[in-house]
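Okay, so here's the structure we're looking at.
The values are calculated or read from the model by the stated rules, or taken from the named source; none is laboratory data. Bear in mind the structure is a predicted one, so any value in this text is a computation, not a measurement. Cβ: placed from backbone, ideal geometry, glycine included. Neighbour counts: every protein chain shown.
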Amino acid sequence: MSDMSVEQGLRMNHASVHRSDTRKRLGRRIADVALTAVVYLLIAIVFGAPMWWALANSFRPTNVIFEHVYPVTWEAFIPTGFTLRNYISVLRLIPGQTYRSLPLLHHVGISVASAGIIVLLSLVFNTMAAYFFGRLKFPGKQILLVYAIATMMIPEQVILVPMFFVARELHLVNSFWALVVPFYASPFVTFALAQFIASNIPIELDEAAIVDGANRWQILWHVIVPGIVPGLLTMSLLEFQNQWNTFYWPLIIIFDEYLQPIQINLAVRGSASGTGLATIVIASLPVIILFLFFQKYYMENISLTGMR
């Protein structure tokens, strides 16, 4: 009877210790989840508050916006005095009004066209260059690759003047193609795609295609490209965003208002007003829409890279 009591006591003690450990693990997990939620909430507030402020105040008259700038109150983030007049004015929907500048959508179209053409050219030339570095073997390959990567470390402001002189010799100054030609190839995209090819496409597929009689060009477009579609979409999104936000180069190379992309026109219009904030919102929409559309592929690329 005594032995049974001791055994029962040991079992109860073990069960108690097990419940205590379970409660501790559950408490630590809840604390971790709560801490993670707080950190993500703070990050969302830091990054989302300026965007929400611009969106909310784009529906306000300019005088109402400055009433809540200092001191900042909750009303600064709530669109009181709601009006669509800023968007109506920016989009030129007011009949009979005389305008002294080109339509905003014209400048948005310039940016979309230049960034879109750069992305298409980038997909062609950078993919070929990535295959060149990721698959072919030749003397001095690593040196040439390091040289290409080193160009990414040079600030844009340092090369603006040499680029301007080159563009002038090519008769590109104050032309649409001045926004495209200097950026059709990117060392960053080339390097990223080269690494994607090396880590995602087994070399055995190339060898099997060669045995079947395929040449290098056919291997590139029928074996390599179909296997790196997530990487191509991700690089396209990043390249489009980078070109969309380019400011200094169009500022010094384009003099004609008719050819100005949206970023230059946004600086000319100014942002310290309701119409300026409405312009900012409209100028941000193309990139936001593209990100939402390609988000699946972007996250897929990141997850695949992380697993490797």
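For the stretch 125-158, name all the residues that are of a type in the set (Val, Ile, Thr) and in a helix (DSSP H, G or I).
THR127, ILE143, VAL146, ILE149, THR151, VAL158
Output the residue which, of all residues in the stretch 195-247 that are among the small types (Gly, Ala, Ser) and in a helix (DSSP H, G or I), is nearest to the chain's Cα centre (by Cα).
My answer is SER236.
Restricting attention to the stretch 248-262, and to residues there that are surrounded by 18 or more Cβ atoms within 10 Å (Cβ to Cβ) and either part of a helix (DSSP H, G or I) or not assigned by TED's automatic domain parsing to the domain that holds ALA192 (or both), which single residue is nearest to the chain's Cα centre (by Cα)?
The residue in question is ILE262.
Could you tell me whether any residue of the stretch 163-183 is touching a Lys or Arg at 6+ places or on another chain (Cβ under 9 Å), in the same structural domain as VAL223 (by TED's automatic domain parsing) and either surrounded by 17 or more Cβ atoms within 10 Å (Cβ to Cβ) or in a helix (DSSP H, G or I) (or both)?
no
Applying the selection to the stretch 124-140, what residues are farther than 18 Å from GLU239 by Cα and in contact with a helix residue (DSSP H, G or I) (Cβ under 7 Å, 6 or more places away or on another chain)?
TYR131, PHE133, GLY134, ARG135
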